[in-house]
Amino acid sequence: MKKKYLLLALLALGCMGNLQAQRKRVSPYAPQLEQLYNKVDAAQSPAVANKPLIGISQGYSEKKNSVNTAYVNSVLMNGGVPYIIPVTDDVEVLRQIVAQLDGIVFTGGEDFAPAYYGAEEHEKLGEVNVPRDTYDLTLFKLAKDRNVPILGICRGLQLINVAMGGTLYQDLPSEKPSDINHRQEEEGTVATHSVSVVKGSTMHQILGKDEIQVNTFHHQAIQKLAPELKIVGWANDSVPEIIEAFPNRQIFGVQFHPEIFTNAGETVLSNLFAFLVKRADVFKKAKDIHTRILSVDTHTDTPLWFRGGYSVGLRKNNQVNIQKMEEGKLDAQFLAAFLGQKESDEASLQKAVENCTNLIKGIHTDVEKYKDACAIALTEEDAWRLKAEGKKAFFIGIENGYAIGSDLKNIKRYKEMGVNYITLCHSYDNHICNSSTNTQDANKGLTAFGRKVVKEMNKQGVLIDLSHASEGTFWDVMKLSKDPVFASHSGVKALCNSDRNLTDEQLRALAKNGGVIQICIFRRYQNDNPAEASVVDVARHIDHAVKVAGIDHVGIGSDFDGGGGLLGCNGDNDMINITVQLLDMGYTEEDIRKIWGGNFFRILTQVRK
């Protein structure tokens, strides 16, 4: 027994000795290195949120890529994490880099090659850097396609204008003579002329001044302004000095060099970098939210384009494709088999059934071509599974109940082909109901056959879509349908007086029914002045519908590839802009989850059961 206790005591002493030895561990590092490593460890905290990643473009020569330290410091000083983007013409490399960025700064440099804005070379054109032009323009397109917040400085402002369709003066002194020397000889920290800032502009709010003092080191300047841009700052000689695309796009540029002042400790122009980092932080939050939610656009007319060589796997000018869905963080997309309204005689109705059947088959065929990247989905569970697999989900709808023909059995047949909803009519009255547009009487609603259609759709678990329906049809369906109904792509009449939009009374009735209004992205249904319609209007329509119908009864249905699209949201890649707008308005992640799909999938699941 004594031996046992002695052994235990020795073991205990040994453990204590090992513990003390560990505490007195001799570091393999030099004291200065050990001190540095301890500092690094002490600076790390699990509670600190990641800062936004800000890309910085570089200058190019055969021997090196380079960027002035002032750009890097300006980002660091304002809370961003700078990332120096290598100069390359490899699109895939730049695409992968841009996909990680939350913001980007395009830096100063040489003149732009006039071929990029359709001009002949001026005799006094300055030095042109062909590899850098290719790099910058490629990088800009990739960033703009993803709606990454952009700040352009000097050449960067000129890049924004050229890349978005504008032109430049190639030699400012000879083409636009001035008393101002725009290539100052003084140091960069010396301000040599003033810039008037337009009141009411975003940049005026950021800078907080009507006039600022700036440096100037440029040989070219904006001649013709690109679409979507506004000049919001002018030199006294009428040279554009500040541009912006707010609030529709998060793009702005300055002709001077604020990074030099910022690096030297000046605070007014530093606000430009602070603003970029702030916008990048919101953009980062929007992207993060989309990794956790299931987003769906409930209406597009994309299948109409299949016969013209379009395909969901090709990034063409069409508004809907897999690549643009990935850029805009959209998970799921409804492809509608659309039929224009024709005669309602038996032969025409049978032809409509055949045409719709072929359109649906075409959807299946096209999606199958890209089965490694997407698939047809029927349920919310399908969409979540595909998202987990890194794939996009395509759902199927039918626009215009004309496709049902005269046989109610077609409703079941269409469902078996993957159809989840049918829009009762389009822009003309049909044999089911009256339309909101080109109608003989908007007060009239369902026909006798239409009442049978509603009952059969309830029976088969197919969603009833009331977009395009007359008010008479709307109220008839409200009384008759036992299931929640929805409007796959509509707006609110209180904000835009279109016959396609729903009144507040209809919104409240839709909510009482348990249904959902999917806000469309169509100029004529968003703003009484369609030319001014923008993503801001989309957010306003969503907000109004939420206030009237409630947060559980609002969603998004674009009408892309069928007339949809407006400033700041002109394709699937721009869908992230809606989320940014909602965050700016104070909507929470849970609110956004409901709007982007939670509400719609709730009624889809309910109706399918």
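Taking each of LYS51/LYS316; LYS392/LYS452; LYS141/LYS316; LYS64/LYS124 in turn, the alpha-carbon distance tops 25 angstrom for LYS51/LYS316; LYS392/LYS452; LYS64/LYS124. Here the Karplus curve 6.51 cos²θ - 1.76 cosθ + 1.60, taken at θ = phi - 60°, turns the phi angles of segment 318-328 into couplings of 4, 7, 10, 6, 4, 5, 5, 4, 5, 5, x Hz, with x standing for Gly and Pro. Quick one: net charge of ARG292's neighbours, Cβ under 10 Å, K/R +1, D/E -1? Taking every other residue near ARG292 into account, the sum is -1.
Here LYS512 is the anchor, and the aspartates and glutamates within straight C-alpha reach of less than 15 Å, apart from those fewer than 8 places off in the same chain, are ASP476, ASP483, ASP504, ASP552. Would you be so kind as to identify which of VAL232, VAL67, HIS299 lies farthest towards the positive end of the dipole of the chain, taking Lys and Arg as +1 and Asp and Glu as -1 on Cβ and the Cα centre as origin? Looking along the dipole axis, the top candidate is HIS299. Other residues within the sphere of radius under 15 Å centred on the Cβ of GLU187, judged by their own Cβ, net out at -3 (K and R +1, D and E -1).
Only one residue of ALA245, PRO530, ALA469 has its Cα farthest out toward the positive end of the dipole of the chain, where Lys and Arg carry +1 and Asp and Glu -1 on Cβ, and that residue is ALA469. Set against the 2.2 N^0.38 Å expectation for a compact globular protein, the chain has a Cα radius of gyration ratio of 1.18. Modelled spin labels at ALA49 and ASN497, positioned 7 Å past Cα toward Cβ, are 4.3 nm from each other.
Compared with the alpha-carbon gap, the fully stretched path from GLN213 to ALA531 is longer by 110.9 nm at 0.36 nm per residue.
Only Lys, Arg, Asp and Glu carry charge here, each on its Cβ (+1 for the first two, -1 for the last two); on that basis segment 29-103 has a dipole of about 200 debye about its Cα centre. Inter-label distance, ASP179 to ARG307: 6.6 nm, where each label sits 7 Å from its Cα along the C-beta direction. What the phi angles of segment 521-528 give under the Karplus curve with 6.51, -1.76 and 1.60, with θ = phi - 60°, is a coupling list of 10, 10, 3, 5, 9, 10, 8, 5 Hz, glycine and proline written as x. Only Lys, Arg, Asp and Glu carry charge here, each on its Cβ (+1 for the first two, -1 for the last two); on that basis the chain has a dipole of about 3360 debye about its Cα centre.
Peptides 524-536, 268-280, 43-55, 188-200, ordered by how many other C-beta atoms sit within 10 Å of their residues on average, highest first, read 268-280, 524-536, 188-200, 43-55.
Packing around the peptides 148-159, 389-400, 106-117, 164-175, taken as the average count of other Cβ atoms within 10 Å per residue, puts them in this order, highest first: 148-159, 389-400, 106-117, 164-175. Modelled this way, with points 7 Å down the Cα-to-C-beta line, the labels at GLU34 and SER344 are 9.1 nm from one another.
How far, in degrees from 0 to 90, does helix 31-42 lean away from the longest principal axis of the Cα atoms of the chain, to the nearest 10? The two axes meet at around 30 degrees. For segment 277-283, putting each phi into the Karplus relation 6.51 cos²θ - 1.76 cosθ + 1.60 with θ = phi - 60° gives couplings of 5, 5, 5, 5, 5, 5, 4 Hz, in residue order, rounded to whole numbers and with x for Gly and Pro.
Values in this text are rule-based calculations from the coordinates and carry no lab data. Everything numeric in this text was worked out from a predicted model, so none of it was measured. Positions of Cβ are generated from backbone atoms using ideal geometry, with glycine treated the same way; all protein chains shown enter the neighbour counts.
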